[in-house]
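The values are calculated or read from the model by the stated rules, or taken from the named source; none is laboratory data. This structure is a prediction, so every number in the text was calculated from the model and none was measured. All Cβ positions, glycine included, derive from the backbone under ideal geometry; neighbour counts span all protein chains shown.
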Amino acid sequence: MPPATRRAILKAAPAAALAAAPALAAAPPARLEPPVTDALSRFIAGSQDAAIPEAVLERGRLHILDTLAAIVACRDLEPAVLARRYALAQSGDARRSSATILGVRDRASLADAVFAGAMTGHAAEINDFIPSAFVQPGPPIVSAALGLAEQRGLGGAGLLKAVITGYELAGRVPKALGLRNLNRGGLANHGIGPVFGVAAACASLMRLPPERIGAVLTYCSQQAAGSWQWLLDVEHVEKAFVFAGMGARAGLQAALFAEAGFTGVRDNLDQPGGFLDQGVFNGPDSDLNRHRLIDGLGRQWEMEHVALKRFPTGGPTQPAVLGLLKLLPEIRAETVRSVRIEMPGRWEAFRDAAMPALNLRYLSAIILLDRRLDFVSAQSIPRLRDDAAVAALMTRVEIAHDPAQETPPGQPRAESARVIVTDTAGARREVFVPYVPGYPSHPMDRAEVEAKAAELMQPALRPQRTREVIARCRDLASLKRADALVRLIAV
């Protein structure tokens, strides 16, 4: 078709469409209530100058340290190696807009480096999570914020505020969409929350003005994705992508799009037909709650709802792991007749999980055999598949649902377990674990987080450099360039 003809058709198209559908010319329907875009835009745009309480800043510093420790510990695991190989193949020769792939010295384009860093941070079950939102914010948000800060020569104080801003969106968005809606629709909170969280953190560092944040949010909405099929993953690669790599890449791009002037649906979160007005979120029995996006924004902080993992296993498995470790001095693997673990929530997922660090029968077996739980064994697919002693013990472990441990609707999700061990003589030992240190109700303090970080980092960084990473995270406000952290954790 000649260019002139094509231009004529495009010029006439709007008028023709209105003539064919006169209803479209009527006044637009009322916006959804309460409106949320303006409040979110002001919050994100003003985050670098906001007065954030010291207690929230302290939690932010600890979660940054915890994420860096996870990146160092997971650097050589398969999801990290594959993501790094991918990033280098795509843009390892980048000269413009490049950044360091966290955990190593290699560089790639900003988007590829951030993607690989996030995948590394969630290459195993050791990073932080928000139990009330089913998201794991650290790897995607910290990786993206640190990559952007390195590229633009920004300092530690700005990095800290950006990360806290990102956690705010990562936690609020899934709870606003509705945990029941997401589960029923097969949409993984773990993939959706980080897209918005990373974008908010990057927009904060970019100091985008309020009028550009709407574009950030609309491109987040278009890219928010993820399926619960991650539960079927074995090697933890797809899971690392859904939980971390995907959100880091998509959120960063959303902020970069807005910075570059991309336009989109104005106030998409407030528009009928927009992201929050889709059937999956507003159908029968919906638990959509738009208020969760803005109520208490800037006063009540999601950082207070973030958990740290005491053990290198999936979040809901932690109470049972702690319970069995507590009973360990009283029991021997060779005399155990049965282990029964009673827990709330998606108990069957942790009975049958294909991933070692999520499979409670496997974790119970290696704790009994090894008399401890370490990072390597908790992630070992070969032991899960091929260790005959492990397989034999797994047949004696039962995972069961305990409705009495469930919390009422609207209350924080229960994180507890009852462990009952019966030996061959019929003796029964039982322990109930109402929580694990690190959960929001019982947060780990600075000394505990730093001890965990040191344990994870020292094998690769040695004691001196490990102490320096911890010291820099402790005093982020004085760090003039955040890339000092990037260099410290590079091996």
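Return a yes/no flag: does segment 48-67 have any residue that is over 25 Å from PRO459 (Cα atoms), among the aliphatic types (A, V, I, L, M), part of a loop (DSSP other than H, G, I, E, B) and in contact (Cβ under 8 Å) with a residue 12 or more places away in the chain. Looking for residues that are over 25 Å from PRO459 (Cα atoms), among the aliphatic types (A, V, I, L, M), part of a loop (DSSP other than H, G, I, E, B) and in contact (Cβ under 8 Å) with a residue 12 or more places away in the chain, one finds at least one in segment 48-67, hence yes.
List the pairs whose first member sits in segment 173-199 and is within 19 Å of HIS122 (Cα to Cα), whose second member is at pLDDT below 95 and polar (S, T, N, Q), and whose Cβ atoms are under 6 Å apart, counting only residues at least 6 apart or on separate chains? Cβ pairs passing all conditions: none. Of the residues making up segment 218-254, those that are more than 18 Å from the chain's Cα centre (by Cα) and within 28 Å of LYS161 (Cβ to Cβ) number 3. For PRO356, the criteria (1) under 20 Å from the mean Cα position of the chain (by Cα); (2) surrounded by fewer than 24 Cβ atoms within 10 Å (Cβ to Cβ) hold in every case but one, which is (2). Scanning segment 226-235 turns up no residue that is touching a Phe, Trp or Tyr at 6+ places or on another chain (Cβ under 7 Å), touching a residue at least 12 places away in the same chain (Cβ under 8 Å) and surrounded by fewer than 17 Cβ atoms within 10 Å (Cβ to Cβ). Within segment 325-353, being under 25 Å from ARG184 (Cα atoms) and either in contact with a Cys (Cβ under 8 Å, 6 or more places away or on another chain) or surrounded by fewer than 16 Cβ atoms within 10 Å (Cβ to Cβ) (or both) holds for ARG346, GLU348, ASP352.
Would you check if THR313 is surrounded by fewer than 18 Cβ atoms within 10 Å (Cβ to Cβ), more than 25 Å from ALA176 (Cβ to Cβ) and among the hydroxyl-bearing types (Ser, Thr, Tyr)? Here the answer is no, as THR313 does not meet what is asked. One residue stands out in segment 274-305 among those that are among the small types (Gly, Ala, Ser) and at pLDDT 95 or above: the one that is surrounded by the fewest Cβ atoms within 10 Å (Cβ to Cβ), namely GLY296.
Residue-by-condition table, conditions (1) among the hydrophobic types (A, V, I, L, M, F, W, C); (2) closer than 26 Å to MET457 by Cβ; (3) assigned to a helix (DSSP H, G or I):
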position: ARG337; (1), (2), (3): no, no, no
position: GLY345; (1), (2), (3): no, no, no
position: ALA349; (1), (2), (3): yes, no, yes
position: ALA357; (1), (2), (3): yes, yes, yes
position: ILE366; (1), (2), (3): yes, yes, yes
position: LEU369; (1), (2), (3): yes, no, yes
position: LEU373; (1), (2), (3): yes, yes, no
position: PRO382; (1), (2), (3): no, yes, yes
position: ALA391; (1), (2), (3): yes, no, yes
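Inspect segment 141-160 for any residue being over 30 Å from ASP374 (Cβ atoms), surrounded by fewer than 24 Cβ atoms within 10 Å (Cβ to Cβ), among the charged types (D, E, K, R) and at pLDDT 95 or above and give the result as yes or no. Scanning segment 141-160, I find at least one residue that is over 30 Å from ASP374 (Cβ atoms), surrounded by fewer than 24 Cβ atoms within 10 Å (Cβ to Cβ), among the charged types (D, E, K, R) and at pLDDT 95 or above, so the answer is yes.
Restrict the check to segment 97-115 and report whether at least one residue is modelled with pLDDT under 95, in the same structural domain as LEU256 (by TED's automatic domain parsing) and touching a Gly at 6+ places or on another chain (Cβ under 7 Å). The answer is no; no qualifying residue exists. Restricting attention to segment 203-223, the residues that are in contact with a Gly (Cβ under 7 Å, 6 or more places away or on another chain) and either in contact (Cβ under 8 Å) with a residue 40 or more places away in the chain or surrounded by fewer than 20 Cβ atoms within 10 Å (Cβ to Cβ) (or both) add up to 4.
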